[in-house]
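Encoded as structure tokens, the structure appears first; notes follow it.
The values are calculated or read from the model by the stated rules, or taken from the named source; none is laboratory data. Computed from a prediction, not measured in an experiment: that's the story for all the values here. Reconstructed Cβ throughout: ideal geometry from the backbone, glycine too, with neighbour counts over all protein chains shown.
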Amino acid sequence: MINKENYIEYIVDYFDGNLSDDLQNKLLAFLDENPECKEEFDNYSAALEETFVEEIEAPASLKATLKNIPEAQEEKLVAYMENDLSAEERNVIETELVENSEMRRSLYLFEKTKLEPEMDVVFPKKAAVKRYFIPPMVRRTMVAVTSAAAILLLFWNIVGTGKTYQSDQNLVSHMSVAPSFIDQLPVFADINEDEEPDTTKTNSTNTVIETPGHQGTEVMQSIPLIAYAGELSAPQGNAESGISDVRTEYLEIYSYKEYKLRKDDTNNEKPKNKLGTFSDWTNWAMQTVSGEKSLADNPANQLSASDVSNFGIQTLSRITGADIPLAVK
Amino acid sequence: MTRSEYNNCVDDYSDAIFRFIRKSLNDDDDAADIVQEAYTRLWEKVETVSYDKVKSYLFTSAYHIMIDFIRKRKKVVAEKDSGDVFMDEKYGSYDADMNIDLKTILDEALSRLPEIQKSVILLRDYEGYSYQEIGEVCKLKESQVKVYIYRARLTLQKYLKSADLVI
């Protein structure tokens with residue numbers, strides 16, 4: 001007789017398959033009448049199912065089916081290639097590979113996906129990222145030299161365009177300062193330094209130009225963009241240049257000088273190299289040693305500050321490869 | 001880490017990092033800039049990074065700089081299903097008689113991978129990193145790395161198969 005004292009034993013026997021059909025029916029009827037006992041039955045059943053699933057042995061046919069699912073096979077092959085499998089699993093795979101040509105082909109393709117580093121490709125900026133120790137003395141010197149160069153450039157930029165340079169020796173090209181303005185300067189026509197210009201024969205925009213180092217005259221062709229009135233009387237500043245009238249005036253002067261210099265070049269009257277040749281320096285050195293000349297007589301003693309600065313800037317440009325926007329001709 | 005050790009790191013690892021980033025970006029200049037930035041960051045923390053961890057630090061740093069760079073360029077490769085990555089027009093009319101270089105095809109396939117898959121497979125193949133090491137560089141769990149590598153391999157393999165390159 002099944003009761004609340006012994007029903008657990010019947011439940012265990014039920015799931016073990018030890019109950020007859022009659023007893024099974026009696027147990028199920030008892031559980032229907034006693035819901036609290038039915039709950040026990042259900043819990044036992046659920047626990048048993050989990051155990052059952054873990055221990056179940058798949059039939060051979062099912063195993064074969066699973067083995068042939070492409071995704072499962074590919075995953076195994078990748079794991080095999082990546083050395084993720086145990087020795088036993090590897091043996092299984094290798095056995096399958098012997099038997100299955102399609103699987104071998106698939107593995108072959110997977111192995112082809114392994115990327116090979118291009119060893120000839122190297123990082124090009126190694127020197128740039130390395131760090132070197134610079135002694136404090138050298139560092140201070142570098143800072144000082146850099147500062148001096150910066151000051152020199154600043155000085156040249158400011159003073160080089162001012163009234164300080166009015167001699168023939170300081171012929172400054174301001175192309176980098178106001179190229180658009182230079183482009184619009186009048187184009188000079190014939191030069192005739194022996195004749196006085198006859199402005200009456202030209203239109204009203206022609207004018208006489210006198211510069212500090214040059215008393216000759218030129219006749220300008222007029223161009224529509226810039227109107228000149230009178231000699232060097234503050235031409236209209238170019239709006240694009242953004243520079244003052246005074247500066248504009250001297251830009252004109254120096255552009256004129258530049259033009260004249262080009263003319264001289266055309267006539268094969270190349271300006272003398274103010275720095276002197278190697279021969280000049282050798283001769284000067286020998287004569288200085290023999291007492292015929294002094295230190296002040298050196299071949300470069302006629303150089304102005306601008307010449308020295310220009311030489312320094314050009315040298316700096318050549319060394320650094322930078323296009324320093326100042327040039328002296 | 002000393003200055004000398006830092007410079008050794010440049011000699012020892014910069015090429016490998018450069019190759020990794022270059023392959024990911026397909027751009028030499030950008031790759032060089034990113035590697036340089038990674039070393040700059042290392043130098044800023046040179047006193048706190050130990051020498052035996054520096055390779056991982058550099059790869060991690062370069063990887064994240066690259067990801068930031070890609071995001072800024074808005075050129076992140078969209079996530080695709082592996083099945084989507086097949087032949088494009090370039091190889092769509094591929095003639096089996098044509099002798100297309102396997103490496104070229106593989107590079108093409110690699111460029112189509114999602115960024116994360118590309119990175120993990122490059123770290124795996126170029127550097128031989130373990131799943132754990134790749135996870136540290138890419139901030140991923142090992143299981144994620146494993147999945148990404150599997151997907152990448154599958155994509156590349158299917159691409160090769162579609163190109164009918166291999167006998």
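The single condition from (1) over 14 Å from the mean Cα position of the chain (by Cα); (2) modelled with pLDDT under 90; (3) not polar (S, T, N, Q) that B:Val76 fails is (1).
The residues of the stretch A:93-137 that are among the basic types (Lys, Arg) and at the interface with chain B (Cβ under 9 Å from one of its Cβ atoms), listed by number, are A:Arg105, A:Lys112, A:Lys114, A:Lys125, A:Lys126, A:Lys130, A:Arg131. What do you reckon, is A:Phe52 surrounded by 10 or more Cβ atoms within 10 Å (Cβ to Cβ) and either outside any helix (DSSP H, G or I) or modelled with pLDDT under 80 (or both)? For A:Phe52, the condition - surrounded by 10 or more Cβ atoms within 10 Å (Cβ to Cβ) and either outside any helix (DSSP H, G or I) or modelled with pLDDT under 80 (or both) - is met. Looking at B:Leu140, is it at pLDDT below 90, surrounded by fewer than 21 Cβ atoms within 10 Å (Cβ to Cβ) and within 10 Å of chain A (Cβ to nearest Cβ)? No. I need the full set of residues from the stretch B:152-167 which are among the charged types (D, E, K, R) and either over 14 Å from the mean Cα position of the chain (by Cα) or part of a loop (DSSP other than H, G, I, E, B) (or both), in order please. Answer for the stretch B:152-167, where residues must be among the charged types (D, E, K, R) and either over 14 Å from the mean Cα position of the chain (by Cα) or part of a loop (DSSP other than H, G, I, E, B) (or both): B:Lys158, B:Lys161, B:Asp164.
Sub-8 Å Cβ pairs linking a first residue in the stretch B:24-48 that is free of Cβ contacts under 8 Å to residues at least 40 places away in the same chain to a second residue that is among the aliphatic types (A, V, I, L, M) and surrounded by fewer than 17 Cβ atoms within 10 Å (Cβ to Cβ), at least 6 apart or interchain, are B:Gln36/A:Ala128, ordered by first then second residue.
Applying the criterion of being without any contact (Cβ under 8 Å) to a residue 24 or more places away in the chain and farther than 23 Å from B:Gly128 by Cα to the residues of the stretch B:3-23, the residue that is surrounded by the most Cβ atoms within 10 Å (Cβ to Cβ) is B:Asn7. In the stretch B:113-130, of all residues being of a type outside the set (A, V, I, L, M, F, W, C) and not in a helix (DSSP H, G or I), the one that is nearest to A:Glu118 (Cα to Cα) corresponds to B:Gly128. Filtering the stretch B:136-151 to residues that are assigned to a helix (DSSP H, G or I) and within 20 Å of A:Glu75 (Cα to Cα) leaves B:Glu142, B:Ser143, B:Gln144, B:Val145, B:Lys146, B:Val147, B:Tyr148, B:Ile149, B:Tyr150, B:Arg151.
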